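Participant: Just dropping this structure here.
The values are calculated or read from the model by the stated rules, or taken from the named source; none is laboratory data. Predicted model only: the values in this text are computed from it and were never measured. Here the Cβ is made from the backbone with ideal geometry for all residues, glycine too, and neighbour counts use every protein chain on show.
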């Protein structure tokens with residue numbers, strides 16, 4: 001089997017991302033379910049890159065008929081992924097603003113100092 | 001110590017009645033005024049609640065987390081969250097507290113669909129979609145995942161940390177139960193839908209946006 005650099009690079013990238021996801025899961029920053037979703041998604045990309053022929057039945061609908069088109073479609077997918085990531089980052093900025101408003105509300109709420117009434121089992 | 005947390009946004013006409021109903025079952029009531037432009041805060045204070053006020057409207061999730069944090073600072077071991085629009089019956093609180101008292105659960109979800117309630121068809125559909133989105137995002141099925149009426153036991157009170165500001169927080173709570181391996185219980189409760197509560201609920205477009213955010217965040221987290 002004659003492998004192109006694309007067919008080697010994309011599965012390696014997918015493997016790296018999946019390992020990263022499971023690393024997050026082991027550190028309890030992701031749930032097992034979320035790691036499974038990532039694995040499912042990136043496995044699909046790796047499989048399609050490795051055996052583009054399995055998309056044959058979709059080629060009529062999508063127009064993906066050769067490696068060049070597959071690369072273009074992958075690039076569009078990556079662009080979508082980047083846009084999603086920017087949306088998440090924007091959301092995090094909003095969350096930071098919300099945290100500030102919440103902190104001010106708690107400060108002005110005449111509540112006991114948390115350092116004297118801490119929850120040591122919070123795990124955070 | 002049992003504390004009730006009531007997130008409220010422009011609920012001046014309802015908040016006093018909710019506080020009165022809840023007060024019989026808890027030692028302290030905290031109302032989080034989420035940037036209301038009416039006299040919600042004044043009504044809540046007059047009814048004997050402790051009020052924490054957001055200077056801007058941040059959303060139900062942010063208000064709930066502020067209330068939980070305030071309750072922690074007051075030394076709460078059990079927290080009840082309940083909506084401010086009178087859709088829940090405080091008389092259901094003892095039933096919700098029971099699994100916590102019996103040490104059978106860390107979080108108790110009210111289930112508005114677990115008994116005969118007059119719930120509009122469209123609400124049932126929206127909640128069903130919310131349950132499915134929650135299942136896809138978290139891997140756990142909860143019969144009424146989008147209900148604001150819940151009880152958190154000592155373990156959950158200590159560990160919970162909500163980051164989502166809007167209505168997505170309901171799904172985030174389910175995610176927290178998976179993440180921290182909390183035991184859950186579901187108790188059928190009464191619900192009263194009026195024109196007022198229906199108008200206050202989520203619109204379809206808001207629901208779609210919420211679902212999109214949940215799925216996106218669960219994927220990119």
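Participant: Step by step: first the residues of region B:39-57, then only those that are within 18 Å of the chain's Cα centre (by Cα) and within 7 Å of chain A (Cβ to nearest Cβ), then the one that is farthest from residue B:21 (Cα to Cα). Which residue is that?
Facilitator: It comes out as B:54.
Participant: So residue B:61 clears everything in (1) touching a residue at least 40 places away in the same chain (Cβ under 8 Å); (2) within 14 Å of chain A (Cβ to nearest Cβ); (3) closer than 18 Å to residue B:15 by Cβ; (4) crowded, with 22+ Cβ neighbours inside 10 Å except one condition, right? Which one?
Facilitator: That leaves (3) as the condition not met.
For every residue, the table says whether it meets (1) touching a residue at least 12 places away in the same chain (Cβ under 8 Å); (2) assigned to a helix (DSSP H, G or I); (3) touching a helix residue (DSSP H, G or I) at 6+ places or on another chain (Cβ under 7 Å).
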| site | (1), (2), (3) |
| --- | --- |
| B:80 | yes, no, yes |
| B:99 | yes, yes, no |
| B:109 | yes, no, no |
| B:114 | yes, no, no |
| B:122 | no, yes, no |
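Participant: For region B:127-154, what are the residues that are in contact (Cβ under 8 Å) with a residue 40 or more places away in the chain, under 18 Å from residue B:108 (Cβ atoms) and part of a helix (DSSP H, G or I)?
Facilitator: B:134, B:138, B:154 - these are the residues of region B:127-154 that are in contact (Cβ under 8 Å) with a residue 40 or more places away in the chain, under 18 Å from residue B:108 (Cβ atoms) and part of a helix (DSSP H, G or I).
Participant: Take residue B:157 and decide whether it is surrounded by fewer than 18 Cβ atoms within 10 Å (Cβ to Cβ), touching a helix residue (DSSP H, G or I) at 6+ places or on another chain (Cβ under 7 Å), within 10 Å of another protein chain (Cβ to nearest Cβ) and part of a helix (DSSP H, G or I).
Facilitator: Criteria not met by residue B:157.
Participant: Being more than 11 Å from residue B:142 (Cβ to Cβ) and either at pLDDT 95 or above or touching a helix residue (DSSP H, G or I) at 6+ places or on another chain (Cβ under 6 Å) (or both) is the filter here, so list the residues in region B:176-187 that pass it.
Facilitator: The answer is B:180, B:182, B:183, B:187.
Participant: Something else now. Does residue B:69 satisfy being free of Cβ contacts under 8 Å to residues at least 40 places away in the same chain, more than 13 Å from residue B:26 (Cβ to Cβ) and more than 10 Å from chain A (Cβ to nearest Cβ)?
Facilitator: no
Participant: Next question. Kindly indicate whether residue B:43 is closer than 23 Å to residue B:193 by Cα, part of a helix (DSSP H, G or I) and touching a helix residue (DSSP H, G or I) at 6+ places or on another chain (Cβ under 8 Å).
Facilitator: Yes: the conditions hold for residue B:43.
Participant: While we're here: For region A:80-91, which positions are exposed (fewer than 11 other Cβ atoms within 10 Å of the Cβ) and over 13 Å from the mean Cα position of the chain (by Cα)?
Facilitator: Hit for region A:80-91 is A:90, nothing else.
Participant: Taking residue B:95, is it modelled with pLDDT of 95 or more and either over 18 Å from the mean Cα position of the chain (by Cα) or more than 14 Å from chain A (Cβ to nearest Cβ) (or both)?
Facilitator: Yes; evaluated as a whole, the condition is true for this residue.
Participant: Of these, A:107, A:96, which one is within 21 Å of residue B:157 (Cα to Cα) and at pLDDT 85 or above?
Facilitator: Going through A:107, A:96 in turn, just one is within 21 Å of residue B:157 (Cα to Cα) and at pLDDT 85 or above: A:107.
Participant: For region A:8-55, name all the residues that are buried (at least 18 other Cβ atoms within 10 Å of the Cβ) and either more than 14 Å from every other protein chain (Cβ to nearest Cβ) or touching a strand residue (DSSP E or B) at 6+ places or on another chain (Cβ under 7 Å) (or both).
Facilitator: Listed by number, the residues that qualify are A:10, A:11, A:14, A:46, A:48, A:49, A:52.
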